[in-house]
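K.L.:
I have a structure here, written as structure tokens, and I will follow up with some questions on it.
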Amino acid sequence: MSKELGNTENPIENVQSHDWNKERLEQLKNLMPDLFTNDGQLNINELKKVVDPSLVTETERYEFRWFGKSNAKREAFTPTDATLVYDENRSVNPTESENIIIEGENLAVLKLLSNSYREQVKCIYIDPPYNTGKDFVYSDKFNQDKKEYWEDTEVTENGFKIDTNTETDGRFHSNWLNMMYSRLLIARQLLQENGIIAIHIDEHEEHHLRKLCEEVFGEENFLGIVVWDKLNPKGDARAISYQHESIVLFAKNSEFLLSNTELRREKPNAQAILRKAEILFKKINKTDLETVNEEFKEWIKCQEGFSGGEKAYSKIDENGKVYRGVSMAWPNKKKAPDEYLIPLIHPITKKECPIPERGWRNPPNTMKELLEKDLILFGEDERKQPERKYLLEENIFENIPSILEFAGSDDAFFKKLELEFDNPKPFKFCKDFLKPLISTEDIVLDFFAGSGTAGHAITELNQEDGGNRKYILVQLPEATDETSEAYKAGYKKISDITIERNKRVVEKIIKEKKTAQPDLFDAEVNAQEQLKGLGFKVFKLQKSNFPRVEYAPDPNKTHEENIEALKKYIRDKEAQLISAFNKEELITEILLKNGFKLNYTLTKQEQFTKNEILFATDGDKEALVCLDGDLVEETIEYFKKNTEQKLIVLERALDTTKKWNLKHYMKDNFKAF
Ligand SMILES: C[S@@+](CC[C@H](N)C(=O)[O-])C[C@H]1O[C@@H](n2cnc3c(N)ncnc32)[C@H](O)[C@@H]1O
């Protein structure tokens, strides 16, 4: 086929007749690009307005619209009939930690968590697909009613194949926005009132993401955008060569957050500076302060990676404290009131020192106080304008800057673990970034977990300071590339990598602890203490154990026949639950439905000999649960007298009398499923 026939290289297009309409639309787009949507579709209303604006009646207002927006919103709030089941075999030290890894599609998982984890999560930290044209956007056409995610067990065993969102798709941006919109809407409900969401993104969708978040979280809750400078421009750029990514930060309620917390981080090199000063100051018996200071100044000057602000702390005082001088000039353009212009007297020459042009920054009282506390630095004589003395130990914290520099990758680390994953975030960057956003007891959620970097970062943070931060990671069982090392090593799904990586992180830490102190894990109490936080429970998304009502009466049958058919339907479904259910699977579902978090623990209650009764608690909620097919009289008698605890049983374990008794005596503390 000759190329001259068309300017396209697609052989199928070449055998078809030329698409004149397409060409005409392209010409129109070249002339009037404003008539087309961001997705490249002709906006008929805009065209009509060119012909005659009166043809279009619309209220003009500032809003962010795209194709499928209302549907995505509906999708977010449609209940799911999925559930989570506990996967003990893939869990690691499950009783020692409250971390959770969930293998599953994140929209359904978020819906399930939205009951138990409502307002429980301090930080949502995600790194979604960036919509580069090559990456994956999980299409909600897979939602449960259309393509059964869990029915096809082969899919979840071998992993989902990815769906690429290509730029030629007329709804390129809309597809991505819809995917993000429904997830953010539901995820917002999980955030505590002082919660924060931080989303990694690059130039492909940053502009849309910020607007989308303004819509979901409110413009007033925008905290800022942090630019992560990777210090290395992309080599394949044709226009601007990007060397940064962004992290968009929103608060659930910024006013509440900022009135209760300071979003500040420790100066990254403050401890190193203090340590060096301490070592040098110890020499003071052998040498003088001036020599110590010269050596200190030289050391600070040579430190690569120290910020200008850190390098300014280049002096040690006679008490061994590190300090810097800061101007005390009035910061505004307008001159300060007269009392801000009183000169300071030099302590040695007793002469007046120069005053800043527009006056001092502080009123006379504060200046007096600073003088008394020896926090004003004078020059050798009165010619130098005095400065305020800032001690590093009192100024360890600083606002999070809008640019964070971090180069490097975790390639070597992955190689050592014999794992492979495309572009994982460097865990050290994640660790340093997350630290100031959360406190030591908080829960962090990452529902685009990939290789599970967020889990790794949290584990390491806890190791550093003995904290008890918890993570929840959600990762789709997306199929790994069959040619990849990970696939060859048996990791068929990305979720396998998420689990394996975090398992190896835990194993590595335990090994290091044992090497450093071989008897550390000897006594059981010690071992438990040492293992605290080093592990996770794995859960899998699965179709609910409870039958859905799919029965519809048949109009061709009589009323009696339909009633009989309904009774049979109910018997069959109940039988299905009886034969198909597995106690371990059902218990998670029942507890989730009752608002329990996934860190629940179960303890068998030995005083019950005829029924198996488990005590379930997640730290906040408590209940006694029985999944036996029959609740015997003895147990019923017990609960008629002991009514103060919540009891959850299976509907089919009770006949009408037993049910009536429990309801009558226990009231709302009794629940049957
Ligand atoms: C950019 S990667 C995250 C990388 C991660 N930050 C790391 O350091 O390894 C995004 C991940 O989200 C997953 N993902 C995409 N759509 C998803 C969905 N609907 N549910 C769960 N995971 C999904 C992809 O499989 C991919 O592993």
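K.L.:
Just need the relative contact order of the chain here, percent rounded to a whole number, with Cα pairs under 8 Å and 6+ apart.
P.N.:
Across the chain, relative contact order equals 17 percent.
K.L.:
For a quick check of understanding: with a 1.4 angstrom probe and all protein chains in place, what accessible area in square angstrom does Y130 have, to the nearest ten?
P.N.:
30 Å²
K.L.:
So for the chain: antiparallel DSSP bridges make up what percent, rounded to the nearest 5?
P.N.:
60 percent
K.L.:
Would you please state which residues of region 263-283 a label at K428 would reach in this model, taking the label point 7 Å out along Cα→Cβ and a backbone N cut-off of under 18 Å?
P.N.:
266-273
K.L.:
Under a cut-off of 17 Å between alpha-carbon atoms, report the aspartates and glutamates in cross-link reach of K671, not counting same-chain residues fewer than 8 places apart.
P.N.:
Answer for K671, where 17 Å is the Cα cut-off: E589, E612, E622, D628, D630, E637, E644, E651, D655, listed by chain and number.
K.L.:
Could you sort D135, D618 by accessible area so the largest value comes first, with the probe set to 1.4 Å?
P.N.:
D135, D618
K.L.:
Order K134, K368, K49 by their accessible area, 1.4 angstrom probe, all chains in place, largest first.
P.N.:
Largest to smallest exposure gives the sequence K134, K368, K49.
K.L.:
With the crude spin-label approximation of a point 7 Å out along Cα→Cβ, what separation in nm comes out for S544 versus E46?
P.N.:
Those two pseudo-labels are separated by 4.3 nm.
K.L.:
If you don't mind, another one. Using a 1.4 angstrom probe on heavy atoms only, work out the carbon and sulfur share of the accessible area of the chain in %.
P.N.:
Here it works out to 49 percent.
K.L.:
Give me the one-decimal nm value for the distance between modelled label points at I284 and E214, 7 Å along each residue's Cα-to-Cβ direction.
P.N.:
5.5 nm
K.L.:
Can you give me the solvent accessible area of F546 with a 1.4 Å probe, rounded to the nearest 10 Å²?
P.N.:
For F546, the solvent-accessible surface is approximately 40 Å².
K.L.:
Right, here's the next one. In terms of Cα to Cα distance under 28 Å, which lysines are near enough to K384, apart from those fewer than 8 places away along the same chain?
P.N.:
Within the straight-line limit of under 28 Å, K384 reaches these lysines: K297, K301, K311, K315, K321, K333, K334, K335, K350, K351, K368, K373.
K.L.:
Here is a further query. I'd like the FRET efficiency for W20 and T164, computed as 1/(1 + (r/R0)^6) with the beta carbon distance as r and R0 of 25 Å, rounded to 0.05.
P.N.:
After rounding to 0.05, the efficiency reads 0.30.
K.L.:
On a full-extension model of 0.36 nm per residue, what is the gain between A272 and A523, subtracting their alpha-carbon distance, rounded to one decimal in nm?
P.N.:
Contour length minus the Cα-Cα distance gives 86.7 nm.
K.L.:
Between E482 and Q385, what length comes free when the chain is fully extended (0.36 nm per residue of separation minus the Cα-Cα distance, one decimal in nm)?
P.N.:
Fully extending the segment from E482 to Q385 adds 28.0 nm.
K.L.:
So, for region 10-116, what is the accessible surface per residue at a probe of 1.4 Å, expressed in square angstrom?
P.N.:
Here the per-residue accessible area is 65 Å².
K.L.:
Which loop chymotrypsin sites (Phe, Trp or Tyr not before Pro) in region 60-101, with loop taken from DSSP, have no more than 15 other Cβ atoms within 10 angstrom of their Cβ?
P.N.:
Y62, F64
K.L.:
Taking region 163-230, which GluC sites (Glu not before Pro) meet the DSSP loop condition and have no more than 10 other C-beta atoms within 10 Å?
P.N.:
Answer in residue order: no site qualifies.
K.L.:
Separation of region 332-355 and region 487-501 by C-alpha centroid, Å?
P.N.:
68 Å
K.L.:
What is the distance, in nm, between label points placed 7 Å from the Cα along the Cα-to-Cβ direction at R61 and at Y242?
P.N.:
3.3 nm
K.L.:
Right, next: Assuming a ≥ b ≥ c are the square roots of the Cα gyration tensor eigenvalues, decide whether the chain counts as rounded (a/c under 1.5), prolate (otherwise, with a/b larger than b/c) or oblate.
P.N.:
Verdict is oblate for the chain.
K.L.:
Relative to the present Cα-Cα distance, how much length would full extension add between D620 and E339 at 0.36 nm per residue of separation?
P.N.:
Difference between extended and current length: 95.4 nm.
K.L.:
While we're on this one: Go ahead and run the numbers for FRET between F36 and K568, Cβ-Cβ distance against an R0 of 51 Å, rounding to 0.05.
P.N.:
Using R0 = 51 Å, I get an efficiency of 0.35.
K.L.:
Here's something else I'd like to know. Put S495, S307 in order of accessible area, largest first, 1.4 Å probe: what do you get?
P.N.:
S307, S495
K.L.:
Another question, if that's okay. Using a ≥ b ≥ c from the Cα gyration tensor of region 200-279 (square roots of the eigenvalues), is it rounded, prolate or oblate, where a/c under 1.5 gives rounded and otherwise the larger of a/b and b/c decides, a/b for prolate?
P.N.:
Note, shape of region 200-279 comes out oblate.
K.L.:
Show me the chymotrypsin sites (Phe, Trp or Tyr not before Pro) within region 207-246 that DSSP assigns to loop and that have at most 16 other Cβ atoms within 10 Å of their Cβ.
P.N.:
Y242
K.L.:
Taking the full set of protein chains and a 1.4 angstrom probe, give the accessible area of F427 in square angstrom, rounded to the nearest 10.
P.N.:
Accessible surface of F427 is approximately 40 Å².
K.L.:
While we're here: Just to verify a number: FRET efficiency for E369 and I225, C-beta to C-beta distance, R0 = 35 Å, to 0.05?
P.N.:
That gives a FRET efficiency of 0.35.
K.L.:
Going down the table (K470/K537; K161/K537; K641/K663), which pairs top 18 Å between alpha carbons?
P.N.:
K161/K537
K.L.:
OK, next. Rounded, prolate or oblate, given the Cα gyration tensor of region 242-359, with a/c below 1.5 counting as rounded?
P.N.:
Because a/c hits 1.5 or more and a/b fails to exceed b/c, region 242-359 counts as oblate.
K.L.:
Further, regarding this structure: Please list the non-local residues whose amide H lies under 5 Å from the amide H of Q243, H modeled 1.01 Å from N, same-chain partners needing a gap of 5 or more.
P.N.:
HN-HN under 5 Å from Q243: K234.
K.L.:
If the limit is 29 Å between Cα atoms, which of K22/K493; K435/K488; K122/K532; K431/K493; K416/K597 go over it?
P.N.:
K22/K493; K435/K488; K416/K597
K.L.:
So what are the ³J(HN,Hα) numbers for region 28-42, from phi and the Karplus equation (6.51, -1.76, 1.60; θ = phi - 60°), rounded to whole Hz, Gly and Pro as x?
P.N.:
Once θ is set to phi - 60°, the couplings for region 28-42 become 4, 5, 5, 6, 10, x, 5, 7, 10, 6, 4, 7, x, 8, 6 Hz.
The values are calculated or read from the model by the stated rules, or taken from the named source; none is laboratory data. Keep in mind the model is a prediction, meaning the values are calculated, not measured. Backbone-built Cβ (ideal geometry, glycine too); neighbour counts: all protein chains shown. Please note that ligands, DNA and RNA were not included when accessible areas were found on the heavy atoms of the full protein model with its side chains. Shrake-Rupley method; radii C 1.70, N 1.55, O 1.52, S 1.80 Å.
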